[in-house]
Amino acid sequence: EEAYVCSLSVLFLEFMLPLANGSAEPPPELDKLSKRARVRVFFSHTRRILDVNRKFLHELNTAKEHGIGVGEVFADFAPLLAVYGHYAESHERVSALFREAFEKKEAK
């Protein structure tokens, strides 16, 4: 979980924020989307997933310190983990946008 939260943090800090504030440019294949749309489409659930997983990691560590089982922490967090359902629902749409953008590049 620590490695996952670290990876999410890198995604958020090194990719999402720079694209959102305009300090980084995406591949030209994605130029047809506005900066705001790129961030919204490709990172729509990243911040929420990161927040949930940071809290989850904290609770796992606290549970470990107090001898509480991992299953109990999962049960408490089950409603918050629904964010992954939203992520999965948008995955196909985002994948299609990437495929379309890069297929156009290859066709040139």
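General observations
- Region 85-98 residues that are free of Cβ contacts under 8 Å to residues at least 60 places away in the same chain and in a helix (DSSP H, G or I), paired with ones that are open to solvent by 100 Å² or more (accessible area, probe 1.4 Å) and not acidic (Asp, Glu) (beta carbon under 9 Å, 6 or more apart): 86/48; 87/48
- Considering region 60-108, and only residues there that are within 20 Å of residue 4 (Cβ to Cβ) and among the hydroxyl-bearing types (Ser, Thr, Tyr), the residue that is modelled with the highest pLDDT turns out to be 62.
- Selection count, region 1-38, where residues are among the aliphatic types (A, V, I, L, M), at pLDDT below 70 and either in a helix (DSSP H, G or I) or under 22 Å from residue 73 (Cβ atoms) (or both): 2
The values are calculated or read from the model by the stated rules, or taken from the named source; none is laboratory data. Note that the coordinates shown come from a computational prediction; the quantities given were computed from them, not determined experimentally. Here Cβ is always computed from backbone atoms with ideal geometry, including for glycine, and neighbour counts include all displayed protein chains. For the accessible areas, the whole protein counts, side chains as well, though only heavy atoms, and no ligand, DNA or RNA atoms are used. Shrake-Rupley method; radii C 1.70, N 1.55, O 1.52, S 1.80 Å.
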